[in-house]
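The numbers here are math on the coordinates, done by the rules we state, and not lab data. Worth saying up front: this structure is predicted, and the values here are computed from it rather than measured. Positions of Cβ are backbone-derived with ideal geometry, glycine not excepted, and every protein chain shown enters the neighbour counts.
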Amino acid sequence: MKMVRPPIHGIAVSGVFDRLYRRRMTILVTVGVCLALAVAVDLLLPQRFTSTATVTVVPLTDSPYGNGQPTQLVNMESERATVTSLAVGDLASRTLEPRPTPRQVQESLDVVIPPQSLVLRISATTGDPQRSAAWANAVAAAYLTDRTNTAREAVTRITSRLQSDIDARLRTRAALTAPEKALVDREIATLRERQTQLSVVGLVPGRLVTSALPAPSAATMSTKGLLVGGLAVGLLLGTLAALLRHRLDPRVGSASWIEETLGVPVRRAAGGSLDRHALLVLGLLRGGSQVPARLVCVSAPGVPAPSFADRVVEFAREQGIAVRYDVHVDADAPAGLHIVDPADGADATQARPALHVTRWQAQEGRPWPVPQALRSAMVAVELRPQDQRQDVADLVDSIRYLGCDVNVAVLRDDAPALAPGPAPAQEANRS
């Protein structure tokens, strides 16, 4: 006969919460560590302040007949590279006190270009709000200075070309007819007017639209944000660690593992509920048609006294029910699977009872006993949260291998496992 465990269809929410509650110290420790790290980061991480200056870029022209209209194309990526260049950083550093190196200025910069615009937002980030504002304004001014120098070179170049055109027309003017001279004179007047405009106004490279101001707060995350983030990360990591520990823990731990993995109904004996579960099982036994009603209980090593079977027998006797109670301690079991017959050691002369309860007490360091001849019997397993999962799974599989099933598992998390079950000299063949 093949041992088959019932399929698992999912994990109940209550089972997840039960696992987390049992591993609550793992969650609390993880949250505490994450909060401590957040505080340490807040204390050790240097504060950074960012200030931004805004500059508009005006197109320059190389044509002696153009005026550099804003509709002309400007390669804004090239302008960004110019702002962050060492040349502009050197110009800016010369105007600052204390004087930084051009590399320091360059590394503090961040330049943003808004879409579809001729605007540069120049940001400087340092550990001091005043210094950040000063550096951003100095870089903006240095960029405009660099572009002004470029514009002056363009003005000089354009003026020279205009003068060359004027000189060429003057050299050929004497040989022209009167109408042609009038036309050339008009051209010369236009060129000289352009020269005058360039000498008075020149080419505008751009202008500073908004000066950088000291940042009112640090650009790094605030203390409150770090604590909230530490709490959230701690809860997440703590929950994952708790679930992972539950999965890797070789012990039974909680009722959810028994129900989800083995498919056995669980009764938790906590807060005095052992008596309630015993009365419930006794009622189920009395309501059956089997005479005598049979209960076979396998108790894990070291279950608290009184055992589940003890309470069932006590309640039955209080109700005047004739009970046969056999207790077997598997003290001499050989290594490996040990199958025993509950009829061994029974008192054959005893009157036929209405209830027959057999309890098998497992011993530390030995395989748990697997009762035989379980047909028509209610089978219960009494175990503790610290028992090994493999032992419990082997017992359940062995009982199923015999063609029966475990009707109920009693999880004894009501008291510490301080004392083993009753000795055979006290309770063996008790009726």
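Fully extended, how many nm does the chain gain between Leu227 and Val204 (0.36 nm per residue separation, minus their Cα-Cα distance)?
3.2 nm
If you place +1 on the Cβ of every Lys and Arg and -1 on the Cβ of every Asp and Glu, how big does the dipole about the Cα centre of the stretch 49-210 come out, in debye to the nearest 20?
In debye, rounded to 20, the stretch 49-210 gives about 380.
Please report the spacing between the Cα centers of the stretch 156-216 and the stretch 83-113 in Å, no decimals.
The stretch 156-216 and the stretch 83-113 have Cα centres spaced 35 Å from each other.
Tell me the label-point distance for the pair Thr156, Asp110, using the 7 Å Cα-to-Cβ offset, in nm and rounded to one decimal.
That separation, rounded to one decimal, is 3.9 nm.
Give me a comma-separated list of calculated 3J(HN,Hα) values for the stretch 358-371, in order, Karplus coefficients 6.51, -1.76, 1.60 applied at θ = phi - 60°, integers in Hz, x for any Gly or Pro.
Values, residue by residue: 10, 10, 10, 9, 6, 10, 4, x, 10, x, 5, x, 10, x Hz.
Going toward the positive end of the dipole of the stretch 136-261, with +1 on Lys and Arg Cβ and -1 on Asp and Glu Cβ, which of Gln195, Gly238, Ser211 do you reach last?
Of the options given, the answer is Gln195.
Ranked by Cβ crowding within 10 angstrom, fewest neighbours first, how are His277, His246, His356 ordered?
His277, His246, His356
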